[in-house]
Amino acid sequence: EPEVTQTPSHQVTQMGQEVILRCVPISNHLYFYWYRQILGQKVEFLVSFYNNEISEKSEIFDDQFSVERPDGSNFTLKIRSTKLEDSAMYFCASEGDRGGTEAFFGQGTRLTVV
Amino acid sequence: QQQVKQSPQSLIVQKGGISIINCAYENTAFDYFPWYQQFPGKGPALLIAIRPDVSEKKEGRFTISFNKSAKQFSLHIMDSQPGDSATYFCAATGGAQKLVFGQGTRLTINP
């Protein structure tokens, strides 16, 4: 079964450092997302990406965040200067059709900012 | 208006019992309502989903009941098993692509 793959599974970084979280979506999917889940809380939308551009972003996705699809297969989330409150599980998801079909989630990257 | 409210936060059910989790939404533009199951350390996985043109959808032991006029939907797990112990999230989407998640329900099935 096709799956979304995320790396690394766990990243520890010092406050103020840049991190890049990587995702390989399912190959024929067109819509890509990043969500985050602070420990014990609900899954929150960060950003959606379609046709090589951001289609929607939440208020969480400020200037410190950026996304890229650098090579047509990988989908990355960059946090330029991490804060303690960025510590969370970050999930990548991909979807074949516009909203309303199954969004496949990766296993997540646990980001710990110290 | 983008919120999805989910209850209860946690639920303990005896093996063989029925687990019921409820969600309510406000945005009438939502037109797809999935339920996700999440095990510790894993990403959410789609369990079952419904569109508002039907009032019920059943897949095996899992049933979604949907009440469009009340803007509520619920997940019923029949004959609950210890392997069903997980966190369950309802979600909604429509128009925009993103999923709006409920707060999650930690379900524990006691053997």
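Whether any residue in the stretch A:26-48 is farther than 23 Å from B:PHE101 by Cβ and more than 11 Å from every other protein chain (Cβ to nearest Cβ) is what I want to check.
The initial filter retains those residues of the stretch A:26-48 that are farther than 23 Å from B:PHE101 by Cβ, namely A:27-28.
Adding the requirement that they be more than 11 Å from every other protein chain (Cβ to nearest Cβ) leaves A:27-28.
Checking the stretch A:26-48: at least one residue is farther than 23 Å from B:PHE101 by Cβ and more than 11 Å from every other protein chain (Cβ to nearest Cβ).
Just for strands (runs of 3 or more DSSP E) wholly inside the stretch A:20-76: which have at least 1 residues that are under 19 Å from A:THR109 (Cβ atoms), under 11 Å from the mean Cα position of the chain (by Cα) and among the small types (Gly, Ala, Ser)?
Of the strands (runs of 3 or more DSSP E) lying wholly inside the stretch A:20-76, those with at least 1 residues that are under 19 Å from A:THR109 (Cβ atoms), under 11 Å from the mean Cα position of the chain (by Cα) and among the small types (Gly, Ala, Ser) span A:43-50, A:65-68.
What number of residues in the stretch B:65-89 are surrounded by 14 or more Cβ atoms within 10 Å (Cβ to Cβ) and of a type in the set (Lys, Arg)?
1
Go through the stretch A:48-62 and give me each residue that's closer than 20 Å to A:THR112 by Cα and out of contact with any Leu (no Cβ under 8 Å at 6 or more places or on another chain). Break it down stepwise before answering.
Initial filter on the stretch A:48-62 (closer than 20 Å to A:THR112 by Cα): A:60-62.
Result: A:ASP62, single match.
Just to check your reading of the model, which residue among B:THR87, B:THR108 is more than 10 Å from chain A (Cβ to nearest Cβ) and farther than 28 Å from A:TYR50 by Cβ? So that I can check it myself, show each step before the final result.
Working: B:THR87 fails: more than 10 Å from chain A (Cβ to nearest Cβ).
Testing whether each residue is more than 10 Å from chain A (Cβ to nearest Cβ) and farther than 28 Å from A:TYR50 by Cβ leaves just B:THR108.
Conditions (1) surrounded by 14 or more Cβ atoms within 10 Å (Cβ to Cβ); (2) within 11 Å of another protein chain (Cβ to nearest Cβ); (3) aliphatic (A, V, I, L, M), marked per residue:
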site	(1), (2), (3)
A:GLU56	yes, yes, no
A:VAL67	yes, no, yes
A:PHE75	yes, no, no
A:GLU85	no, no, no
A:ALA93	yes, yes, yes
A:THR109	yes, yes, no
A:THR112	no, no, no
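Count, please, the residues in the stretch B:40-54 that happen to be surrounded by fewer than 22 Cβ atoms within 10 Å (Cβ to Cβ) and either on the phi > 0 side of the Ramachandran plot or facing chain A (nearest Cβ under 10 Å) (or both). If you could, list the steps in order and put the result at the bottom.
The first filter runs over the stretch B:40-54 and keeps only residues surrounded by fewer than 22 Cβ atoms within 10 Å (Cβ to Cβ), leaving B:40-42, B:45-54.
With either on the phi > 0 side of the Ramachandran plot or facing chain A (nearest Cβ under 10 Å) (or both) added as a condition, the list becomes B:41-42, B:45-46, B:49, B:51.
Summing the residues that are surrounded by fewer than 22 Cβ atoms within 10 Å (Cβ to Cβ) and either on the phi > 0 side of the Ramachandran plot or facing chain A (nearest Cβ under 10 Å) (or both) in the stretch B:40-54 gives 6.
Regarding A:PHE61, is this residue modelled with pLDDT of 90 or more, surrounded by 16 or more Cβ atoms within 10 Å (Cβ to Cβ) and within 10 Å of chain B (Cβ to nearest Cβ)? Let's see the steps before the verdict.
On the way: modelled with pLDDT of 90 or more: yes; surrounded by 16 or more Cβ atoms within 10 Å (Cβ to Cβ): yes; within 10 Å of chain B (Cβ to nearest Cβ): no.
Here the answer is no, as A:PHE61 does not meet what is asked.
The values are calculated or read from the model by the stated rules, or taken from the named source; none is laboratory data. Just so it is clear, the structure is predicted and the values come from calculations on it, not from any experiment. Please note: Cβ atoms are built from the backbone with ideal geometry, for glycine as well, and neighbour counts cover all protein chains shown.
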